[in-house]
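Beneath this line is the structure, given in structure tokens, with notes to follow.
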Amino acid sequence: MGMTKKALITGVTGQDGSYLAEFLLAKGYEVHGIKRRASLFNTGRVDHIYEDPHVDNSRFRLHYGDLTDTSNLTRILREVEPDEVYNLGAQSHVAVSFEAPEYTADVDGIGTLRLLEAIRFLGLEQKTRFYQASTSELFGLVQEIPQRETTPFYPRSPYAVAKMYAYWITVNYRESYNMYACNGILFNHESPRRGETFVTRKITRGLCNIAQGLEPCLYMGNIDSLRDWGHAKDYVRMQWMMLQQEAPEDFVIATGVQYSVREFISWTAAELGITLAFSGTGVDEIATVTAIEGDMAPALKVGDVVMRIDPRYFRPAEVETLLGDPAKAKQKLGWVPEITAQEMCAEMVVEDLKAAKRLKLLKAHGLELPVSVES
Ligand code: NDP
Ligand code: GDR
């Protein structure tokens, strides 16, 4: 067991953290994760891999902590002495960062510095390899199409500005202290575990609920927006690969294909056997059901309007288009995404439809559970 590698994941309860923990456990790692204290259970995404710490040889441990708490981070790092740190913890919602800019800067920007500095303070800088969850949001108002490692940054939200600090402080610690520290500049990646308020999951969950009669209509923001969507499972594999190289380097991780939010709505509908027609423009655009096949949408009929625009979801500054060039990752690491955006959408619909049917069944038996529609 002396050779067992140890990893510490911040944000282990999030989408990527849960897939990465599974991936590293399967590779034989001892995995430590930082979870936040919350008034409700918040470990739903990792409960299936949780191991009773009272059992010998348990390889998955959770520690209470927060990226805003230096002493806490230092204590956990001292206790674990990890070979690899994956800094995935963040206030990761771009729209929310306009509402909570200072908190976002503290967690996403300074939180990264706290971790790097704690590693250095403990003398772990030559042992511990560091992965920073950087983002395509750094490109913001894009300066080049497609975006690659050398494309200049132009962040367009408090989230992206905070992540830009985190990007550069990671580079700076690599250059100043010879640390193995690197940035994965990841484009949007989704899965059935995606948070319910990000656009893809909002659409799959919303349309499944509408198809089952649990919600009346989907209210969306800018559906012209273009994104390069991949699957989180493919992207966590690359996070690990980046820490296994001889020398640390930064990589863009993307599929190289982009689609609009409107297209994602149509794919989701198609997975449910529904054909939609979009009409109107701007805030008056709507999506109407024009045909239904099969029995996945019993609550709908031709002519129903299932999507409207709500300007509340427009952002003060928008990132209109993102398209990544993953050539470096392919060439240097042999990484290619295995799951297409359409396949991912289909997987998300299967899971959200199951959840909607469960809710409907409970309702039919008199158990009135609220369907949260806040997004
Ligand atoms: P999620 O929002 O699903 O997960 C974020 C995680 O960070 C959660 O575990 C959350 O805890 C935790 N967290 C939030 N605030 C704090 C804090 N103050 N201290 C410690 N932990 C905190 O994000 P994803 O899994 O999708 O993304 C992982 C990382 O990758 C993030 O840093 C994100 O910004 C970045 N990224 C994501 C991309 C994507 O498309 N998914 C693309 C590019 C970058 P809790 O569960 O308690 O809320
Ligand atoms: P993004 O993801 O901002 O790219 O950040 P999100 O899914 O929130 O938005 C993608 C695009 O869809 C448009 N949009 C809507 N978005 C949401 N959330 N809700 C809506 O109703 C809606 N309508 C239209 C948005 O305006 C946007 O253009 C994600 C996060 O995971 C970040 O943490 C990560 O860094 C980047 O991806 C890469």
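The values are calculated or read from the model by the stated rules, or taken from the named source; none is laboratory data. Note that the structure is a prediction, hence the values are computed from the model and not measured. Neighbour counts are summed over all protein chains in view; Cβ atoms, including those assigned to glycine, are modelled from backbone coordinates with ideal geometry.
Some observations on this one:
- Test: residue in the range 257-264 that is over 30 Å from Asn183 (Cβ atoms) and of a type outside the set (A, V, I, L, M): yes
- Residue that is nearest to the chain's Cα centre (by Cα), among those in the range 146-161 that are within 14 Å of ligand 2 (Cβ to nearest atom) and hydroxyl-bearing (Ser, Thr, Tyr): Tyr159
- Any hit, the range 206-221, residues being more than 30 Å from Pro82 (Cβ to Cβ) and either assigned by the TED database to the domain that holds Asp83 or among the aromatic types (Phe, Trp, Tyr) (or both): yes
- Looking only at residues of the range 198-243 that are out of contact with any helix residue (DSSP H, G or I) (no Cβ under 8 Å at 6 or more places or on another chain) and under 24 Å from Ala355 (Cβ atoms), we find that the one that is nearest to ligand 1 (Cβ to nearest atom) is Phe198.
- Residue within the range 78-89 that is among the hydrophobic types (A, V, I, L, M, F, W, C), in a loop (DSSP other than H, G, I, E, B) and within 17 Å of Ala21 (Cβ to Cβ) present: yes
- The set of residues in the range 158-212 being among the hydroxyl-bearing types (Ser, Thr, Tyr), under 13 Å from Ser134 (Cβ atoms) and surrounded by fewer than 24 Cβ atoms within 10 Å (Cβ to Cβ) consists of Tyr165, Tyr167.
- Test: Arg75 is away from ligand 2 (no atom under 14 Å from the Cβ), charged (D, E, K, R) and either buried (at least 17 other Cβ atoms within 10 Å of the Cβ) or in contact (Cβ under 8 Å) with a residue 12 or more places away in the chain (or both): no
- Qualifying residue in the range 29-41 (condition: surrounded by fewer than 14 Cβ atoms within 10 Å (Cβ to Cβ), away from ligand 1 (no atom under 13 Å from the Cβ), of a type in the set (Gly, Ala, Ser) and part of a loop (DSSP other than H, G, I, E, B)): no
- Considered as a group, the residues in the range 60-72 that are more than 9 Å from ligand 1 (Cβ to nearest atom) and touching a helix residue (DSSP H, G or I) at 6+ places or on another chain (Cβ under 6 Å) include one that is farthest from Val199 (Cα to Cα), and that residue is Thr70.
- Being assigned to a loop (DSSP other than H, G, I, E, B) and either in contact (Cβ under 8 Å) with a residue 40 or more places away in the chain or more than 16 Å from ligand 1 (Cβ to nearest atom) (or both) is a description that does not apply to Val161.
- Restricting attention to the range 179-232, the residues that are within 30 Å of Glu246 (Cα to Cα) and of a type in the set (A, V, I, L, M, F, W, C) total 8.
- Arg59 surrounded by 13 or more Cβ atoms within 10 Å (Cβ to Cβ) and either out of contact with any strand residue (DSSP E or B) (no Cβ under 8 Å at 6 or more places or on another chain) or not hydrophobic (A, V, I, L, M, F, W, C) (or both): yes
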